[in-house]
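Take a look at the structure set out below.
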Amino acid sequence: MAEPHISVKNLVKKFGDFTAVADVSFDVPAGSIFAFLGPNGAGKTTTIKMLTTLVHPTSGSILVDGFDPTKNANAVRHSFGIVFQDPSLDDELTAYENMFLHAGLYGVPRGETAGRIKELLHFVELWDRKDSLVKTFSGGMKRRLEIARGLLHTPAILFLDEPTVGLDPQTRNHIWEYLKKLNKDRGLTIFFTTHYMDEVERVADHVVLIDHGKVIARGTVGEIKSQAGNTVTLEDAFIKLTGHAIRDEEAGAVDQLRQRARAWGRR
Amino acid sequence: MMTDTLYKIYILWLRQIKRYFRSRSRLIGSLGQPILFLVALGYGLGPTFAKAGQGNYIQFLAPGVIAMSILFTAIFSGIEIIWDRQFGFLKETMVAPVSRFTIMFGRSLGGATVASFQGVVVFLIAMIAGFRPELGLLLPAALFMILIAMVFTALGTAIASMLEDMQGFQLIMNFVVMPVFFLSGALFPLDGVPTAIRYVLYANPLFYGVDGLRGALSGLSHFSLWTDAGVLVAVSILFVGIGAWLFSRIEV
């Protein structure tokens, strides 16, 4: 197994009394496509936020590309690109301007910026639309633009939080083709979450399944299936391992803020 | 490293400018109110004002209305962070290798530029409405516009950092922006107001902005321009500091 690109040990995150991540440890091998799975509210998004310097862990250790997000946030931030669960583009700017802004914020050498933007927009087939405002883009186009943007500062790792949610099968396939190509050609480590188990079966080298903030299964797709008692599909394995109960969506930071504000008001 | 940070500030500044000039409806819409104030108050109250022996009301009012439009635009620019939060763009800036202070400062500078520009437009409109400024102190007047813009963009940022959605916006309009405007001396002279109100005015940063602007453009002021400028510089440093601190605590 290659040197781990992301290493997480005994990671815990508590929001007041609520434990979002109870105790999570895993390694992501460099150059792998790594699926991070779990039902809603399992702690996936909180874990990604800790890996990407947005949230501080309560305890435990993280290394991303050899750096600790709590101590060396900027080094970590240079090392990864991210496609969030919800769009994070500026709708009032054009595709090119969104890219340009990103290049500026990440300190991409100014001499290289135009060339890289051109290459990446060609790669996701948006070069023709470079001067269109993003608010005129479809969901799939926005996702492609976000992927291109996430790669602009040549990160070694790409985080994708449900990159294909709400997209039709054609677009989903298309996006995975890009991602697989990036993984193969550039050795990009891809860390993603999804609820589409067929995607995972098709692309993932490694899978970690978490629930209630804890790892409940790990390994290749085949290994997960055999841990669940040799199920036919990964979806069956997923349901067998996590149960049938429907979960509520985990509260985002904004909801937590709201709760905190309420608690504050009660005082 | 220094030039790197300056370039990032420039990039964030540029974004605010582009967004502003692209939304024409906002640009035009925001001119409606100052025009209304100049026409309705200027021509409506003008004769009464002159009869009371206070001179030409437009000369008195125009700097106040310029300050008003800067105030509204600046607060609004700061509040735009709430939109960025709702539309997700805030996350993009928060994971970038840029300090929170740089983000806050860059966009505040952009907001302040936009608000100052708005002030210049209203200045020109006021001239059409009959305002005849003294031209000798245009440069200090421009400085006062920029200072007002900076103070209130930073205040808007600070407020927006504590709010999660636009539902609180009306609250801010009614309990912050309107009182700041009406108790700034923008519309009426200070002579003869009760002492209590006078102290409220003295505690209002916009009072010094209006006073300085009026001093520079119309030659009417309570304090010296240096005092006004000094107070505004101090308040803008304070507000930028508070805004940056609150902004750094945002979780996305």
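Quick note: the coordinates plus some simple rules give every number you see, no bench work behind them. Everything numeric in this text was worked out from a predicted model, so none of it was measured. Because the Cβ atoms are built from the backbone with ideal geometry, glycine has one as well, and the counts that use them run over all protein chains shown.
Figures for the structure shown
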| read-out | value |
| --- | --- |
| Cross-link partners of residue A:14 among lysines (Cα-Cα below 29 Å; sequence separation of 8 or more within a chain) | A:44, A:49, A:71, A:214, A:240, B:91 |
| Kirkwood-Stokes translational diffusion coefficient of the range B:1-141, alpha-carbon pairs, 10 °C, 1.306 mPa s, µm²/s | 93 µm²/s |
| Helix-only mean residue ellipticity at 222 nm for chain B, each DSSP H run of n ≥ 4 adding -39500 (n - 2.57), per residue, nearest 500 | -24500 deg cm²/dmol |
| Residue A:58-residue B:142 FRET efficiency (beta carbon distance; Förster radius 35 Å; 0.05 resolution) | 0.10 |
| Normalised per residue, the volume of the convex hull around the Cα set of the range A:113-250 (Å³) | 135 Å³ |
| Proportion of all alpha-carbon pairs of the range B:2-248 beyond 27 Å (%) | 35 percent |
| Kirkwood hydrodynamic radius of the protein assembly as shown, Cα pairs, Å | 25.5 Å |
| Degrees separating the helix A:139-151 axis from the principal Cα axis of chain A, which is the longest one | 80 degrees |
| Per-residue ³J(HN,Hα) for the range A:127-134, Karplus 6.51 cos²θ - 1.76 cosθ + 1.60, θ = phi - 60°, Hz, x for Gly and Pro | 4, 4, 9, 4, 9, 8, 5, 5 |
| Neighbourhood charge, 10 Å Cβ-Cβ cut-off, centred on residue B:82 and excluding it, Lys, Arg +1 and Asp, Glu -1 | -3 |
| Relative pair counts by distance (%), Cα atoms of the range B:114-165, 10 Å bins | 22, 40, 23, 12, 2 |
| Inter-label distance for residue B:162 and residue B:45, nm, one decimal - labels placed 7 Å from Cα along Cα-to-Cβ | 3.0 nm |
| Taking the C-alpha atoms of the range B:194-252, convex hull volume expressed per residue in Å³ | 103 Å³ |
| Nearest-0.05 FRET efficiency for residue B:135 and residue B:86, computed from C-beta distance (R0 35 Å) | 0.20 |
| Sequence-separation-based contact order of the range A:6-45, relative, with Cα cut under 8 Å and 6+ spacing, percent | 35 percent |
| DSSP-defined antiparallel bridges as percent of all bridges, chain A, nearest 5 | 55 percent |
| Most mobile of B:188, B:60, B:175 in a GNM of chain B (Cα contacts under 10 Å) | B:175 |
| Sequence-distant aspartates and glutamates (8 or more away, or on other chains) whose Cα lies within less than 15 Å of residue B:8 | A:97, B:92 |
| Tensor-based shape of the range A:5-133 (alpha-carbon gyration tensor, a/c under 1.5 rounded, otherwise prolate or oblate) | prolate |
| Furthest towards positive pole of dipole, B:248, A:101, A:64, structure part the protein assembly as shown, Cβ charges | B:248 |
| Within a Gaussian network of chain A (alpha carbon springs, distance under 10 Å), most fluctuating of A:42, A:114, A:22 | A:114 |
| Calculated log₁₀ intensity ratio I(q)/I(0) where the Debye formula runs over C-alpha points of chain A, q = 0.10, 0.14 Å⁻¹ | -0.53, -1.03 |
| Most fluctuating residue given options A:118, A:142, A:214, as computed from a GNM of chain A linking Cα atoms under 10 Å | A:118 |
| Net lengthening on full extension, residue A:223/residue A:185 (0.36 nm per residue, minus Cα-Cα) | 11.0 nm |
| For the range B:108-194, diffusion coefficient by Stokes-Einstein and Kirkwood Rh (Cα), 37 °C, 0.692 mPa s, µm²/s | 217 µm²/s |
| Beta bridge orientation in the protein assembly as shown: antiparallel %, DSSP, nearest 5 | 55 percent |
